[in-house]
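Some notes on the structure that comes next.
The values are calculated or read from the model by the stated rules, or taken from the named source; none is laboratory data. All of these numbers come straight from a predicted model, not from anything done at the bench. Cβ placement follows ideal geometry from the backbone for every residue including glycine, while neighbour counts extend to all protein chains displayed.
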Amino acid sequence: MILPVVEKGVDGKFAIGLELLAPDLEAGEEITAVETTIAPVGLTPVGAATISADKRKVYQIIDAGVAGVDYTVQFKITTSAGYVYEHPVLNAIRVEVVK
């Protein structure tokens with residue numbers, strides 16, 4: 001499997017995110033917590049990851065990075081049913097920093 005890819009310039013600063021859909025998120029179930037990790041060092045998270053008002057999407061604002069370096073933003077998502085999603089491909093985004 002291939003990670004979804006987002007390209008950003010070195011000076012770009014914006015949110016990236018994921019949405020959980022059925023069957024991962026059942027009717028009435030909500031996202032209750034989210035954390036992110038970024039590797040390698042260089043791409044900067046701005047604040048903590050956030051959950052959308054509808055409790056189905058998660059976001060992380062990213063900033064900086066080194067041109068020519070690819071980073072992986074890994075989301076760890078917990079739901080009201082107690083499920084934890086942290087798959088290295090399905091719950092991650094590759095950020096390619098370009099000039």
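Could you tell me which residue of the range 51-69 is nearest to the chain's Cα centre (by Cα), considering only residues that are exposed (fewer than 14 other Cβ atoms within 10 Å of the Cβ) and not aliphatic (A, V, I, L, M)?
SER52
Within the range 54-99, which residues are closer than 15 Å to GLY9 by Cβ and of a type in the set (D, E, K, R)?
ASP63, ASP70, GLU96, LYS99
Could you pull out every one of the strands (runs of 3 or more DSSP E) wholly within the range 1-70 that has 2 or more residues that are closer than 17 Å to TYR85 by Cβ and modelled with pLDDT of 95 or more?
Counting at least 2 such residues, we get 13-19, 31-39, 43-51, 57-64.
Taking interchain pairs and intrachain pairs at least six residues apart, which have beta carbon atoms under 7 angstrom, with the first residue in the range 65-85 and aromatic (Phe, Trp, Tyr) and the second in a strand (DSSP E or B) and surrounded by fewer than 13 Cβ atoms within 10 Å (Cβ to Cβ)?
Once the first residue is aromatic (Phe, Trp, Tyr) and sits in the range 65-85, its partners that are in a strand (DSSP E or B) and surrounded by fewer than 13 Cβ atoms within 10 Å (Cβ to Cβ) give TYR71/ALA39.
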